[in-house]
Amino acid sequence: MTSIKTRLHVLRAEWKWFQAKLTAQVKVTRQTINSIEKGRCHPGLRLACKIVRAFRQRIEEVFLYQESEGRDEPARTNGPGVYSTMASQTKRKRHEATEIRSGRDRHN
């Protein structure tokens, strides 16, 4: 299984930035930054690049990639540049419910 840790909280403290300052720099919501810091989701490549540029760091100085043995789960996207398994499952359920309500059941 793959694990990505982040140093965002530490870097924000070093730079004396609140989450709002970082969100203004990279143009995402504060909730997105919070979710990345807490490890609930991972940024896509474009967002990760914006974050490292904001702190003038290299990507490996901000995001710590750790690979352990085991089965990897496929990445699922939750909007532009953010990956989250739970949000993707919720989105898929909503899409299926919409198809059923509109008479376009996938099994027909």
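Please go through the range 1-20 and pick out each residue that is of a type in the set (A, V, I, L, M, F, W, C), free of Cβ contacts under 8 Å to residues at least 40 places away in the same chain, farther than 16 Å from residue 64 by Cα and assigned to a helix (DSSP H, G or I). Give the steps one after another, and end with the answer.
Taking the range 1-20 first, the residues of a type in the set (A, V, I, L, M, F, W, C) are 1, 4, 8, 10-11, 13, 15, 17-18, 20.
Restricting the remaining residues to those that are free of Cβ contacts under 8 Å to residues at least 40 places away in the same chain gives 10, 13, 17-18, 20.
Imposing the further condition that a residue be farther than 16 Å from residue 64 by Cα reduces the set to 13, 17-18, 20.
Once the filter is applied, which keeps residues that are of a type in the set (A, V, I, L, M, F, W, C), free of Cβ contacts under 8 Å to residues at least 40 places away in the same chain, farther than 16 Å from residue 64 by Cα and assigned to a helix (DSSP H, G or I), the range 1-20 yields 13, 20.
Of the residues that sit in the range 21-52 and are in a helix (DSSP H, G or I), β-branched (Val, Ile, Thr) and touching a residue at least 40 places away in the same chain (Cβ under 8 Å), which one is surrounded by the fewest Cβ atoms within 10 Å (Cβ to Cβ)?
If we filter the range 21-52 for residues that are in a helix (DSSP H, G or I), which is where we start, we get 21-26, 30-38, 45-52.
The next check asks that each one be β-branched (Val, Ile, Thr); those that pass are 23, 26, 32-33, 36, 51-52.
Those left that are additionally touching a residue at least 40 places away in the same chain (Cβ under 8 Å): 32, 36, 51.
Numbers: 32: 22, 36: 25, 51: 24.
Checking each candidate, the answer is 32.
One line per residue, one yes/no per condition, for (1) under 16 Å from residue 7 (Cβ atoms); (2) touching a helix residue (DSSP H, G or I) at 6+ places or on another chain (Cβ under 9 Å):
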position	(1), (2)
28	no, yes
32	no, yes
37	yes, yes
43	yes, yes
49	yes, yes
58	yes, yes
63	yes, yes
67	no, no
Test set (1) surrounded by 15 or more Cβ atoms within 10 Å (Cβ to Cβ); (2) over 20 Å from residue 61 (Cβ atoms) - residue 18 fails condition number: (1)
For the range 30-44, which positions are farther than 13 Å from residue 20 by Cα and of a type outside the set (Ser, Thr, Tyr)? 36, 37, 38, 39, 40, 41, 42, 43, 44
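Values in this text are rule-based calculations from the coordinates and carry no lab data. As the structure is a prediction and not an experimental result, all values here were calculated from the model. Backbone-built Cβ (ideal geometry, glycine too); neighbour counts: all protein chains shown.
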